[in-house]
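Right, one structure below, let's go through it.
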Amino acid sequence: MASTKTARVRPDRGSEIELSVDSLAHGGNGVARLDGYVVFVQGGMPGDRLRARVTKSKRGYAEARAVELVEPSPDRIEPRAPHPGAPWQVLPYERQLEEKERQVRDALARIGGFDSPPIEPIVPAVEQWRYRNKLEYSFGEDDHGGLVLGFHRPGRWNDIDDVGEDILASTSIDELRERVKAWCRDEGLTTYDRRDQTGFLRNLVVREGRRSGQLQARLVTSPGDFRRHEFAAAAKANGVLWTRAAGVAETTRDGETDLLAGTAAIDDELHTAGGDTLRFRISPDAFFQTNTEMAEVLYGAAVELAGLSGRERVFDLFCGIGTIALTLALSAGEVWGIEVVEPAVRDAIDNAKLNGVDNARFFAGDVRTAMRPLVEQAGKPDVVVVDPPRAGLSQKIVRRILEAEPNKIVYVSCNPTTLAPNARQMADAGYELKAVKPVDMFPQTPHIEAVALLVKS
């Protein structure tokens, strides 16, 4: 007699289901299981019993968003304030640290295939709240048509929740945001609606020099005009910029920008583990770690794992405005930085001059094509430091690094799930994974940074 199997019922998109969350996935979503399916639940924490609405249904898994907490996990605590950028504030901080360290270990073991990966204890954050030096707020309307300035409501791309106090920003940023919001309300300016592509106000981007106290405000609007100079006076920032963007996407990359008041760049400082102070001039589009205090810890970990003696030739790939390169240059013989974004390279050169660092050189180029010419010009590196984007390194870039045959590779990662396969490729080529140090750059969020050291066998 032929055997029969009970068909699994896949949850339909849009349906509501009741689930028990048993763990957390990379990226921070809760993991539940339903009739053999894995369901990733936005807003779910281990131990929660909840109702969730299915947002995606695939053959082997589903995604859902929590709509009702039926029975909270015993680990849950009360959040300080609603904030889509702080989804883990319902977990005690020690529990957050345990989970992040576990995720790094799990990625290296499960994805990278490392038995007992050498994970060091996670470094906790200096500040658990109000640590961000850059925030981006969106303009919108409340239920009564009044102007609001805050964050997108989770899962609702066109709905904005107003913010009066941002638990991840300093009080100075809070005050600047409220000044801008009040002025725009008084002016009666309209807000941009992505559905019909009408309206004027889009975003407010605020940056702060944590050490200098300087503030930069960038107002992003649709094409048009307003009382720009009165706005700049009301914002009361060290630099005020205005960007006009014509596209639908929320980005400043392709817009036209004018400086309305003050200076286009702000200054900040990084303190090194050796007691030195490095100054950086940060232009409006430059990347600078959003947690200044923990950037110092992260870069200090990179220098520590590199084990520099003062004689080494170091390559810093994806060097940006030179933050890691200049930190390394204080302990190395020479540092060569590569960065594909030309304005960032100009910033790096200027920052080297600003700090009187003469053993660091910076070049614009794509690592895939620039690595071989750099080796021909500078010679083989003793140490290669990489700080790639979340997508990690392509296999071709890893091959270029391996061709250079450095004694050590220091990998600064913002995503353990891409660190793991990159580290495996290096290990298969003869490098030993010696140490991995997780660093909590972003408390109250699932994001985790780590610094890994691989040594040539």
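The values are calculated or read from the model by the stated rules, or taken from the named source; none is laboratory data. Values in this document were obtained by computation on a predicted structure and should not be read as measured data. Positions of Cβ are backbone-derived with ideal geometry, glycine not excepted, and every protein chain shown enters the neighbour counts. These accessible areas exclude ligands, DNA and RNA; they are computed on the full protein's heavy atoms, side chains included. Shrake-Rupley method; radii C 1.70, N 1.55, O 1.52, S 1.80 Å.
At a temperature of 25 °C and a viscosity of 0.890 mPa s, determine how fast the range 66-124 diffuses translationally according to Stokes-Einstein, using the Kirkwood radius over alpha-carbon pairs as Rh; express D in µm²/s, rounded to the nearest whole number.
Details: Rh = 13.7 Å.
Result for D is 179 µm²/s.
Would you mind getting me the FRET efficiency between residue 246 and residue 456? Use the beta-carbon distance for r and R0 = 51 Å, nearest 0.05. Each step should come with its number before you reach the end.
Working: r = 50 Å, r/R0 = 0.99.
Computed FRET efficiency for residue 246 and residue 456 comes out at 0.50.
Which whole number in µm²/s is D for the chain by Stokes-Einstein, with the Kirkwood Rh taken over Cα pairs at 20 °C and 1.002 mPa s?
Diffusion coefficient, whole number: 89 µm²/s.
Keeping all protein chains in place, calculate the accessible area per residue for the chain (probe 1.4 angstrom), answer in Å². Don't jump to the answer; show the numbers that get you there.
On the way: 20800 Å² over 457 residues.
Per-residue accessible area for the chain comes out at 46 Å².
Report the equivalent ellipsoid semi-axes for the range 214-253 in whole Å, largest first, defined as the square roots of five times the eigenvalues of the gyration tensor built from alpha carbon atoms.
Numbers: eigenvalues 80, 34, 6 Å².
Sorted largest first and rounded, they come to 20, 13, 5 Å.
State the Kirkwood hydrodynamic radius of the range 152-278 in Å, one decimal place, computed from all pairs of distinct Cα atoms. Provide the component values of the computation, followed by the final result.
Details: mean 1/r = 0.0629 Å⁻¹.
Evaluated over the range 152-278, this radius sits at 15.9 Å.
Taking only the C-alpha atoms, wrap a convex hull around the range 301-411 and report its volume per residue in Å³ as a whole number.
Numbers: hull volume 10.0 nm³, N = 111.
Per residue, the Cα convex hull of the range 301-411 comes to 90 Å³.
Once neighbouring chains are kept in place and the probe is 1.4 Å, which whole percent of the accessible area of the range 411-457 is contributed by carbon and sulfur? Display every interim value, and only then the final one.
Numbers: 630 of 1220 Å².
Its accessible area is 52 percent carbon and sulfur atoms.
Using the per-residue mean of other Cβ atoms lying within 10 Å as a proxy for protection, in what order, highest first, do the peptides 25-32, 318-325 fall?
On the way: 25-32: 19.1, 318-325: 26.5.
Peptide ranking by packing, descending: 318-325, 25-32.
Quick one: length gained pulling residue 376 to residue 67 fully straight, 0.36 nm per residue minus the C-alpha distance? All intermediate terms of the calculation are to be shown ahead of the outcome.
On the way: separation 309, 0.36 × 309 = 111.24 nm, distance 5.85 nm.
Gain on stretching residue 376 to residue 67: 105.4 nm.
What fraction of the DSSP beta bridges in the chain is antiparallel, stated in percent and rounded to the nearest 5?
On the way: 68 of 101 bridges.
If I count the DSSP bridges inside the chain, around 65 percent turn out antiparallel.
Would you please give the residues with an amide H less than 5 Å from that of residue 441, counting only those at least 5 places away or on a separate chain, with H modeled from the backbone geometry?
For residue 441, the qualifying residues are 449.
For the range 99-205, what is the per residue volume of the convex hull drawn over the alpha-carbon atoms, in cubic angstrom?
Working: hull volume 15.7 nm³, N = 107.
Spread over its residues, the Cα hull of the range 99-205 gives 147 Å³ apiece.
What shape does the range 1-116 have by the C-alpha gyration tensor, where a ≥ b ≥ c are the square roots of the eigenvalues, rounded means a/c under 1.5, and otherwise prolate means a/b greater than b/c and oblate the rest? Write out the running numbers ahead of the final one.
Numbers: a/c = 2.31, a/b = 1.29, b/c = 1.79.
Verdict is oblate for the range 1-116.
May I ask you to list the residues of the range 28-42 whose amide nitrogen lies under 17 Å from a point 7 Å from Cα along the Cα→beta-carbon direction of residue 18?
Flagged as within label range: 32-35.
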